[in-house]
Amino acid sequence: MVVFTNMIENYLQISVNTVKKLAAGMILTALLSGCDNASAPLSFTPEMASFSNEFDFDPLRGPVKDFSQTLLNEKGEVAKRVSGTLSTEGCFDTLEIHDIESNSGVALVLNANFYLDAETSQKKLRLQGKCQLAELMPSGLSWDTNDAGFIVSAHGKETQVNYRYDTDGYPLGKTTVSGEQKLSVSAKPSADLRKRMDYTAVSMLNDKTLGNVKQSCDYDRHDNPVECELTIVDESVKPVQERKYTIKNTIEYY
């Protein structure tokens, strides 16, 4: 398992190899909407939107107690798995990520105003507000929020990130600049507010298309995805490669 700090720093470095994984992972974070209110879907919470952006998983709406998301390749093999538990206030009590394809992962547990490494108890993240991301320790990467509590930017020694959201808190993408490299991800979700995980997305490096994604899902009564079919087209290699995945979710509610 790769050390957490190195995983995030590599994620933001935007080297050529990193970009290929980052594009797929970040595109995967174009997000869903859902609730069981017949009149209107619930908005995304700032914490759910931000954590899904930074840790590459599909966000959920409604009173989620715990969840798991498993990404399966065309052979039915697990490529990545994310699981977490949340408080009634919507804070992540625990979050665990295993990326089998890159042999990396992290397990975090909430402790006061910090997230600790579940294995070593080392402080990894400092929080702000109720339970929003503030600083990645010890790299010094820090996040800024707007008045609504959503992360709108991040900055480190050589990195600047800007985030975009729809009116319901749906993350529409982000732009990461590191040196002369600029990576942008833009998502276009379904117009149906209850099927936000039916989306297309495009990733670009220095204004050159890296690839695109298309996803469609089946939903539960909270309008959260139960199972999704994901197609990723990688245009950064020749010949162009197309990969297909299935995402299977388990969700328990309060």
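Quick notes on this structure:
Here's the yes/no breakdown for (1) surrounded by fewer than 21 Cβ atoms within 10 Å (Cβ to Cβ); (2) at pLDDT below 95; (3) assigned to a helix (DSSP H, G or I):
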position: Phe44; (1), (2), (3): no, yes, no
position: Ser50; (1), (2), (3): no, yes, yes
position: Arg61; (1), (2), (3): no, yes, no
position: Phe67; (1), (2), (3): yes, no, no
position: Gly76; (1), (2), (3): yes, no, no
position: Ala79; (1), (2), (3): yes, no, no
position: Val82; (1), (2), (3): no, no, no
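- Condition met for Ser186 (surrounded by fewer than 18 Cβ atoms within 10 Å (Cβ to Cβ) and within 22 Å of Ser50 (Cβ to Cβ)): yes
- Residue list for the stretch 189-204, restricted to those being basic (Lys, Arg) and surrounded by 22 or more Cβ atoms within 10 Å (Cβ to Cβ): Arg196
- Residue match in the stretch 164-182 (condition: within 17 Å of the chain's Cα centre (by Cα), farther than 26 Å from Leu133 by Cα and surrounded by fewer than 21 Cβ atoms within 10 Å (Cβ to Cβ)): no
- Only listed residue being more than 26 Å from Gln69 (Cα to Cα) and of a type outside the set (Asp, Glu), chosen from Leu95, Leu110, Leu141, Leu127: Leu141
One line per residue, one yes/no per condition, for (1) in contact (Cβ under 8 Å) with a residue 60 or more places away in the chain; (2) in contact with a Leu (Cβ under 7 Å, 6 or more places away or on another chain):
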site	(1), (2)
Gly211	yes, no
Asn224	yes, yes
Glu242	no, no
Asn249	yes, no
Tyr253	yes, no
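- Look at (1) more than 17 Å from the chain's Cα centre (by Cα); (2) buried (at least 18 other Cβ atoms within 10 Å of the Cβ) and you find that Pro239 fails only one, number (2).
- Filter result for the condition that a residue is within 17 Å of the chain's Cα centre (by Cα) and open to solvent by 30 Å² or more (accessible area, probe 1.4 Å), over Asn224, Asn212: Asn212
- Residues located in the stretch 48-57, provided they are in contact with a strand residue (DSSP E or B) (Cβ under 6 Å, 6 or more places away or on another chain) and closer than 20 Å to Asp218 by Cα: Phe57
- Scan of the stretch 84-98 for residues that are open to solvent by 30 Å² or more (accessible area, probe 1.4 Å) and part of a strand (DSSP E or B), ordered by number: Thr85, Asp93, Thr94, Glu96, His98
- Scanning the stretch 138-153 for residues that are at negative phi, touching a Lys or Arg at 6+ places or on another chain (Cβ under 9 Å) and not polar (S, T, N, Q) yields Pro138, Leu141, Val152.
The values are calculated or read from the model by the stated rules, or taken from the named source; none is laboratory data. In this text the structure is predicted, and so the values were computed from the model without any measurement. As a convention, Cβ positions derive from the backbone with ideal geometry for all residues, glycine included, and neighbour counts pool all protein chains shown. Heads up: the accessible areas ignore ligands, DNA and RNA and are worked out on the full protein's heavy atoms, side chains in. Shrake-Rupley method; radii C 1.70, N 1.55, O 1.52, S 1.80 Å.
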